[in-house]
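A.B. asks: Before anything else, here's the structure in question.
The values are calculated or read from the model by the stated rules, or taken from the named source; none is laboratory data. Since the model is a prediction, treat every value here as computed from it, not as a measurement. Using ideal geometry, Cβ is built from the backbone for each residue, glycine included, and neighbour counts are taken over all protein chains shown. The area values use the complete protein model at the heavy-atom level, side chains included, leaving out ligands, DNA and RNA. Shrake-Rupley method; radii C 1.70, N 1.55, O 1.52, S 1.80 Å.
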Amino acid sequence: MKINDDSAAPLARVIVVSYNSAAYVNRCLAALRTQTERRFEAVVVDNASRDADAIEVPDDPRFSLIRLSENTGFAAANNTGARGAEAPWIVTLNPDAFAEPGWLRALLEAAESHPGVAMFGSTQLSADDPTRLDGVGDRYAGFGLFWRGGVGQSAVPPFADGETFSPCAAAAMYRRDLFEQAGGFDESFFCYGEDVDLGFRIRLLGGGCRQVGAAVVHHVGSGITKEYGDFSLFHIARNGLWILMKNMPFPLILASGPLYLLATAYLLLFRWRGAPARTVRRGLRAALSGLGGVLRRRRAVQASRRISQRALMAAMIWDPRSVRRGD
C-alpha cells in the first residue's frame, strides 16, 4: 500500500501498553491525535492497572482499549494488541513516548523508500531535556550485551538516518508479515530486551533495520520502571543470556560464549557491585533455570534462518569500547 494512496484503510496499527501510567497514556494518545498521517488505528492494552479508569481514550473510531485481567508484561501485551491486525505495519509506542506530529508519516515514508527493510526506529529525545538523546536504536554486541545507542548524547538536528541492529520498541515499526512470521515478542521475556530479541529473529529471517532521523518522539525514559533498578537489572541479566542462546548461530556461539563470560565478569567486578551484583547473579540463575525452554525455541529460530553468518556479524558491534561510550 502506497503512502499517497487515497484508501482510508489503516497503514499501521499503533500499540500502546499501559501499566499504572494513565497520565502518560493520555498525553501519548493526545500526541497521536495530532499526527499528520491519519491512516492508522491505535490500540491501548492495559495490563490490569490500578488507574485504568483514568485512561482517556479519544472519541475517535481509530482508537480502542483492551483491558487485561492481569499484568502480562510488555511483550505479551504487545502481542495481544497486534493480534488480528490487517495493516501492513505494526508500531509499538511506549506510554511515556510523545510523538511529534510528523512522526508516523516519517516512518511510513522511510518504509516506502526502503522496501527491503523490515524494521524502523525513531529518534528518541529526552522528554526532560530535548537537547539530549534518549536513544537512536538498539545495539547488540557479538559478546552478548545489548544497549540503547546514543543515550545522553547531544541531540543536534537534523537527525541522521542510518543502520542499527534493532529498533527500540519505545517507538518502533515492524513489517507485520515478518512480525507474525517471527512469532511476535517472546512472552517469556516479560520486559527488557524483548525488542532486541524480536529484532534478532527478524534479522535471521532476512529483515534489516533502519533508524529514521525525522521520526521524533520525546521519551521520558523508564518513566514506568526505574532504569537499572532491581527489576530492570534482573530482567536485563536473565534476558541477555536468553537472547544469545536462542538466536546466535552455533558457530558464532563458539566465539561469543567465552566473550560473553568475560564481559559479564568484567561488569560484575567493575560496574555492578553490592546489591546490583546480587540482582545480576539472581537474573543469571533464572536464565540458567529457564534455559531448557529457550533451547527448545532455538531449534525453530535457527531452522528458519535466511541470513548468512557474515551478514549477521556485520550488523553487530565487536569493539568492547562501544559499550563504555554508549555508541
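A.B. asks: Identify, please: which residue in the range 70-80 is in a loop (DSSP other than H, G, I, E, B) and either touching a helix residue (DSSP H, G or I) at 6+ places or on another chain (Cβ under 7 Å) or closer than 15 Å to G184 by Cα (or both) and is, among those, least open to solvent (accessible area, probe 1.4 Å)?
C.D. replies: Among those residues, the one meeting the criterion is G73.
A.B. asks: If you go through the range 24-47 one residue at a time, do you hit one that is small (G, A, S) and in a loop (DSSP other than H, G, I, E, B)?
C.D. replies: No, there is no match, as no residue in the range 24-47 is small (G, A, S) and in a loop (DSSP other than H, G, I, E, B).
A.B. asks: Just to verify a result, which residue in the range 306-327, among those that are more than 21 Å from E194 (Cβ to Cβ) and touching a residue at least 60 places away in the same chain (Cβ under 8 Å), is most open to solvent (accessible area, probe 1.4 Å)?
C.D. replies: Of everything passing the filter in the range 306-327, R306 is most open to solvent (accessible area, probe 1.4 Å).
A.B. asks: Sticking with this one: Picking from R83, R67, R62, which residue would you name as being open to solvent by 10 Å² or more (accessible area, probe 1.4 Å), under 28 Å from F200 (Cα atoms), at pLDDT 95 or above and basic (K, R)?
C.D. replies: Residue meeting the stated conditions: R83.
A.B. asks: Could you please find all residues in the range 35-59 being exposed (fewer than 13 other Cβ atoms within 10 Å of the Cβ) and in contact with a Pro (Cβ under 8 Å, 6 or more places away or on another chain)?
C.D. replies: Result: T36, single match.
A.B. asks: Condition first: open to solvent by 30 Å² or more (accessible area, probe 1.4 Å) and either in contact with a Gly (Cβ under 7 Å, 6 or more places away or on another chain) or not small (G, A, S) (or both). Now tell me which residues in the range 153-170 satisfy that.
C.D. replies: Selection gives Q153, V156, P157, P158, F159, A160, D161, E163.
A.B. asks: Also, I was wondering about something else. Given the condition among the aromatic types (F, W, Y), within 18 Å of W103 (Cβ to Cβ), out of contact with any Cys (no Cβ under 6 Å at 6 or more places or on another chain) and open to solvent by 20 Å² or more (accessible area, probe 1.4 Å), answer yes or no: does some residue in the range 135-150 qualify?
C.D. replies: no
A.B. asks: Anything in the range 90-134 that is free of Cβ contacts under 8 Å to residues at least 60 places away in the same chain and open to solvent by less than 30 Å² (accessible area, probe 1.4 Å)? List them, or say none.
C.D. replies: L133
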